[in-house]
Amino acid sequence: MNTTENNSDKLVTTILKGIDKVKAEDITILDLRDVERAVCDYFIICTGNSNTQVKALHGSINKVVGKEAQEKPFKVEGEMLAEWILIDYVNVVVHVFQREAREFYNIEEAWSDAKITEIPNS
């Protein structure tokens, strides 16, 4: 395993801690490392039940990743409406959705050639 993959794996674990603190639903990890022309190593997708929970998930992920991994996102999009917040850590991209937006964009289907891991709700 190379250093980038190892760092990506550690970042995924740290992001999942931030997600767990706010109790997101339907957490899915898409491993894109073997997908041709993939934009990053992993997508992490989760669902919040309201704008407030989506914003709280974003805040929790940023706080935990900043503290434990000393990483800041390269880019964040969607904070104002909080229907879909994209948090780009370059090698790992987090998609925090409200249910309707997640169903509409259906990222899992678009990237169905990825290795998909579903995390049970805690």
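The values are calculated or read from the model by the stated rules, or taken from the named source; none is laboratory data. Because the structure is predicted, anything quoted here is derived from the model rather than measured. Please note: Cβ atoms are built from the backbone with ideal geometry, for glycine as well, and neighbour counts cover all protein chains shown.
Of all the residues that make up the range 47-78, how many are within 25 Å of ASN6 (Cβ to Cβ) and either touching a strand residue (DSSP E or B) at 6+ places or on another chain (Cβ under 7 Å) or part of a helix (DSSP H, G or I) (or both)? Steps first, please.
To start, the set of residues in the range 47-78 that are within 25 Å of ASN6 (Cβ to Cβ) comprises 60-76.
Subset that is either touching a strand residue (DSSP E or B) at 6+ places or on another chain (Cβ under 7 Å) or part of a helix (DSSP H, G or I) (or both): 60-69, 73-76.
Result for the range 47-78: 14.
Take the range 77-104 and flag every residue that is modelled with pLDDT under 95 and either under 17 Å from ASN49 (Cβ atoms) or of a type in the set (Asp, Glu) (or both). Across the range 77-104, the qualifying residues are GLU79, LEU81, ALA82.
Looking across the range 86-122, just one residue is among the small types (Gly, Ala, Ser), in a loop (DSSP other than H, G, I, E, B) and buried (at least 17 other Cβ atoms within 10 Å of the Cβ), and that is ALA114. Residues in the range 13-64 that are small (Gly, Ala, Ser), in contact (Cβ under 8 Å) with a residue 40 or more places away in the chain and surrounded by fewer than 22 Cβ atoms within 10 Å (Cβ to Cβ): ALA38, SER50, SER60.
For every residue, the table says whether it meets (1) over 25 Å from LYS115 (Cβ atoms); (2) touching a Cys at 6+ places or on another chain (Cβ under 6 Å); (3) not aromatic (Phe, Trp, Tyr).
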{"position": "GLY18", "(1), (2), (3)": "no, no, yes"}
{"position": "VAL35", "(1), (2), (3)": "no, no, yes"}
{"position": "CYS40", "(1), (2), (3)": "no, no, yes"}
{"position": "SER50", "(1), (2), (3)": "yes, no, yes"}
{"position": "VAL54", "(1), (2), (3)": "yes, no, yes"}
{"position": "GLY59", "(1), (2), (3)": "yes, no, yes"}
{"position": "GLU83", "(1), (2), (3)": "yes, no, yes"}
{"position": "VAL94", "(1), (2), (3)": "no, no, yes"}
{"position": "PHE97", "(1), (2), (3)": "no, no, no"}
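Examine the range 77-85 for a residue that is touching a residue at least 24 places away in the same chain (Cβ under 8 Å), β-branched (Val, Ile, Thr) and crowded, with 18+ Cβ neighbours inside 10 Å, and state whether such a residue exists. Taking every residue of the range 77-85 in turn, at least one turns out to be touching a residue at least 24 places away in the same chain (Cβ under 8 Å), β-branched (Val, Ile, Thr) and crowded, with 18+ Cβ neighbours inside 10 Å.
The set of residues from the range 75-91 being closer than 20 Å to GLU25 by Cβ and hydrophobic (A, V, I, L, M, F, W, C) comprises LEU81, ALA82, TRP84, ILE85, LEU86, ILE87. With the condition kept exactly as written, say whether any residue in the range 23-46 is under 23 Å from PRO120 (Cβ atoms), in a helix (DSSP H, G or I) and at pLDDT 95 or above. No, the range 23-46 has no match at all. Exactly one residue out of GLY48, GLY78, GLY59, GLY18 is on the phi > 0 side of the Ramachandran plot and not aliphatic (A, V, I, L, M), and it is GLY78.
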